[in-house]
Amino acid sequence: MAVIRQWVLALGGAGLLCAVAQCLMPSKAMEKQLRLVLSLVLLCLFFGVFGKVSAQQMQDFSMEEQQAMPQEQQQVTQQGVLLLTRLELARLIEQTLLEQTGSSFTVSAIGLSQQDGEVTVQEVALASLQGRDPQEIADILSRQLDLSVTVSEVNGQ
């Protein structure tokens, strides 16, 4: 963050000096040459920061920003990632069941658990089993997606 602040201050200061230099220019004959020189100075300052910033500084910058993020915002971010994971998993389960059974199923809920930092799928709730045995559906998910889950129907059957 300090590198960016220093760069912006240097660029702003150089811009002001260039403006003053143009205002104090004694004759119109040198106007094009002065503008060229001032433009080159500003371009060097503008792009000069990229030569000074290393990958380590950028990584440190992102680490500082992440640590500065309030705990509530981190929790919201984690919940958002978890929701996207559940939605993608639900889509994958529905597609797999359609391919294997020829029937369209709707995933109503997915029960996840966390153990030793690993998230596992415990339960899959379907809107309707369409007359199929829950164990048959669980076996399909086990074979095709390597999920050891309990399958249930939302309306309690």
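The values are calculated or read from the model by the stated rules, or taken from the named source; none is laboratory data. Nothing here was measured: the structure is a model prediction, and the numbers come from that model. Positions of Cβ are backbone-derived with ideal geometry, glycine not excepted, and every protein chain shown enters the neighbour counts.
Values computed for the structure shown
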{"read-out": "Test: residue in the stretch 58-68 that is in a helix (DSSP H, G or I), at pLDDT 75 or above and not acidic (Asp, Glu)", "value": "no"}
{"read-out": "Residue within the stretch 83-94 that is modelled with pLDDT under 90, in a strand (DSSP E or B), surrounded by 15 or more Cβ atoms within 10 Å (Cβ to Cβ) and of a type outside the set (D, E, K, R) present", "value": "no"}
{"read-out": "Yes/no for Leu42 being at pLDDT 75 or above, more than 33 Å from the chain's Cα centre (by Cα) and surrounded by 14 or more Cβ atoms within 10 Å (Cβ to Cβ)", "value": "yes"}
{"read-out": "Residue list for the stretch 115-134, restricted to those being in a strand (DSSP E or B) and of a type in the set (A, V, I, L, M)", "value": "Val119, Val121, Val124, Ala125, Leu126"}
